[in-house]
Amino acid sequence: MLDAIVVILTVSGLFFFLGTSVGLLRFPDFYTRMHAAGKGDTLSTMLLLMGLALYNLHHPSPVSILVSFKIMFIGVAVFIASPTATHAIMDAGYEIKLKQWVRRKEPTTPYAGTERRKGVAK
Amino acid sequence: MKRLTLFLVVLLGAYLVWTTQDLPDWGDPASPANSYLSTHYIKKAYEETSVPNLVTAVLADYRGYDTMFETVVVFCAGLAVLTILRRTKRKHKKNVKFRPQREGVDIILQNAARLMIAPMQLFALYVIAHGHHSPGGGFQGGVILGASFILLALAYDLKSTLRRFKENTVLFYSGLGVLIYAGIGVISLVLGGNFLAYAAWGGLLGISEVEAHSYGMLGVEIGVAFTVMAIMFSLYLDLASGGDLDEGL
């Protein structure tokens, strides 16, 4: 039973990692690529770590429970840090007015990076 | 001429590759490196130093001189960057393309940093304090500590970070770390041992000589951590602001 859950978690984690890499390579512009990298990476890392933590509980003892707890701590750190890093990179691209992808080749106005933050006091 | 050089280089390279045949195999237990010195460390390290982590025992005790001067190298690298970048008068305004329009108003970054920094520092202290029992030590813990301050400077701005952790304090800690390391060595000289022979501390602390090795290593790791933490942050300060500590990137 435990094995089945571990296998499901790990395989789905690997599946989402595959999706992340495909998205990173195949999406058309910076923003969509970062979107794929940020979301897929976080989810698949969490799934893999959960799988590892459960696998470690095969023979429950205080030591193995502690190790599982530590693995979940890595998950918490990744869960906070990875989306924040994605946000910071995305924001930097937004600031330097990277063009977004559009389906039709029409002249579009680029983002105005400063206007978005007009109300924010320095 | 170029072809001759290429020929000579290829010849020399081939010769070097050919001589690697005489080297012992990877992980060969009968090789000279594995048959004399390392067996002594593996068998005797715990008896002699009461430190279960063999790597730290070799790094901070058997090889204490080397690690001390590694710390001095880190210190000197920080000083070199400081000498080159700091105190240069800026002739014209900074010409940074795509300078961000705002500094320190990104709520997401700030709150994530607030969530991360305290656990990071706690974990760094754990890594330092547990360096002689589990993987870790002064260098690793110091880097994590330094990174927590860099994260603060990245998420907020350089000026508010410098108000919390002034440049003078940073430089004081970088020197203090080396002083702690060398001081432990000198005091063991005064107490009648060799330089960095922690066994001499046993009488002063009222513990056995073997245990004194363990505590000496802990003290040395703390010194290393101070220096590495301060130099990491000082490097960031000077490199990110171009030396005038006015504003970060």
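The values are calculated or read from the model by the stated rules, or taken from the named source; none is laboratory data. All values reported here derive from a predicted model rather than from experimental measurement. Glycine gets a Cβ as well: all are built from the backbone with ideal geometry, and neighbour counts include every protein chain shown.
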Every residue in the stretch B:47-64 that is under 17 Å from B:Pro135 (Cβ atoms) and buried (at least 17 other Cβ atoms within 10 Å of the Cβ), please. B:Thr49, B:Val51, B:Asn53, B:Thr56, B:Ala57, B:Val58, B:Leu59, B:Ala60, B:Asp61
Checked against (1) at pLDDT below 90; (2) closer than 22 Å to B:Tyr65 by Cβ, B:Val220 satisfies every condition except (1)
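Can you tell which of B:Ala153, B:Ala182, B:Ala113, B:Ala118 is under 28 Å from B:Arg86 (Cβ atoms), within 13 Å of chain A (Cβ to nearest Cβ) and at pLDDT 85 or above?
Values: B:Ala153 fails: within 13 Å of chain A (Cβ to nearest Cβ); B:Ala182 fails: within 13 Å of chain A (Cβ to nearest Cβ); B:Ala118 fails: under 28 Å from B:Arg86 (Cβ atoms).
Only one candidate passes the filter, namely B:Ala113.
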Single condition A:Ser21 does not satisfy, out of (1) within 22 Å of B:Ile108 (Cβ to Cβ); (2) surrounded by fewer than 16 Cβ atoms within 10 Å (Cβ to Cβ): (1)
What number goes with the only condition from (1) more than 14 Å from every other protein chain (Cβ to nearest Cβ); (2) surrounded by 14 or more Cβ atoms within 10 Å (Cβ to Cβ) that A:Pro62 does not pass? (2)
For the list (1) at pLDDT 85 or above; (2) under 31 Å from the mean Cα position of the chain (by Cα), I need the number of the one condition that B:Thr20 fails. (2)
Might you check whether a residue that is at pLDDT 90 or above, among the hydrophobic types (A, V, I, L, M, F, W, C) and more than 16 Å from the chain's Cα centre (by Cα) occurs anywhere in the stretch A:16-29? no
Would you mind telling me which numbered condition in (1) of a type outside the set (A, V, I, L, M); (2) at negative phi; (3) surrounded by fewer than 17 Cβ atoms within 10 Å (Cβ to Cβ) B:Gly206 fails? (2)
Exactly one condition in (1) at the interface with chain B (Cβ under 10 Å from one of its Cβ atoms); (2) out of contact with any helix residue (DSSP H, G or I) (no Cβ under 7 Å at 6 or more places or on another chain); (3) modelled with pLDDT of 75 or more is not met by A:Thr114; state its number. (3)
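How many residues does the stretch B:121-150 contain that are within 14 Å of another protein chain (Cβ to nearest Cβ) and either within 26 Å of B:Thr56 (Cα to Cα) or not aliphatic (A, V, I, L, M) (or both)? So that I can check it myself, show each step before the final result.
Our first condition is that a residue be within 14 Å of another protein chain (Cβ to nearest Cβ); within the stretch B:121-150, this holds for B:121-124, B:126-127, B:130, B:134-136, B:144, B:147-148, B:150.
Add one more test, that the residue is either within 26 Å of B:Thr56 (Cα to Cα) or not aliphatic (A, V, I, L, M) (or both), and what stays is B:121-124, B:126-127, B:130, B:134-136, B:144, B:147-148.
Qualifying residue count for the region: 13.
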Pick from B:Leu109, B:Leu145: which is over 24 Å from the mean Cα position of the chain (by Cα), within 30 Å of A:Phe73 (Cα to Cα) and hydrophobic (A, V, I, L, M, F, W, C)? B:Leu109
Of all helices (runs of 4 or more DSSP H) fully inside the stretch B:134-190, the set with 3 or more residues that are without any contact (Cβ under 8 Å) to a residue 12 or more places away in the chain is B:167-190
